[in-house]
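All remarks here apply to the structure that follows.
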Amino acid sequence: MESLAAADPSTILDNVELIENLDNTKQTTNEIERQSALAKITEVDINLKRENFRPVAAEASMLYFLVI
């Protein structure tokens with residue numbers, strides 16, 4: 001971002017390195033947003049599957065204490 005702040009406004013469109021850096025930053029941001037959305041979906045899926053195992057865990061703990 002230093003190069004963007006230091007860039008001359010009259011020649012900013014001629015600065016190929018700056019434009020490439022901004023494009024790379026945009027692509028990285030898009031990838032992070034995509035992975036973040038995927039992580040939220042995965043989190044919901046994991047939570048739903050965890051709830052399916054909760055009754056099994058309760059039964060297993062009851063059997064354990066009955067056996068002891």
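Laboratory data are not the source of any read-out in this text; all were calculated from the coordinates shown. Just so we're clear, the structure is a prediction, and the values are computed from it rather than from any experiment. Using ideal geometry, Cβ is built from the backbone for each residue, glycine included, and neighbour counts are taken over all protein chains shown.
When the charge dipole of the chain is built from unit charges on Cβ atoms (+1 for Lys and Arg, -1 for Asp and Glu) and taken about the Cα centre, the candidate among L13, Q27, V44 whose Cα reaches farthest toward its positive end is V44. For the pair I68 and R50, label points projected 7 Å from Cα toward Cβ lie 2.4 nm apart.
Spherically averaged projected area of the convex hull of Cα atoms, the chain: 7.7 nm².
How much mean residue ellipticity at 222 nm does the chain get from its helices, if each DSSP H run of length 4 or more adds -39500 (n - 2.57) and you divide by all residues, to the nearest 500 deg cm²/dmol?
On the way: 2 runs with 57 residues, N = 68.
Estimated from H runs of four or more residues: -30000 deg cm²/dmol.
Distance between the 7 Å Cα→Cβ label points at I32 and E59: 4.6 nm.
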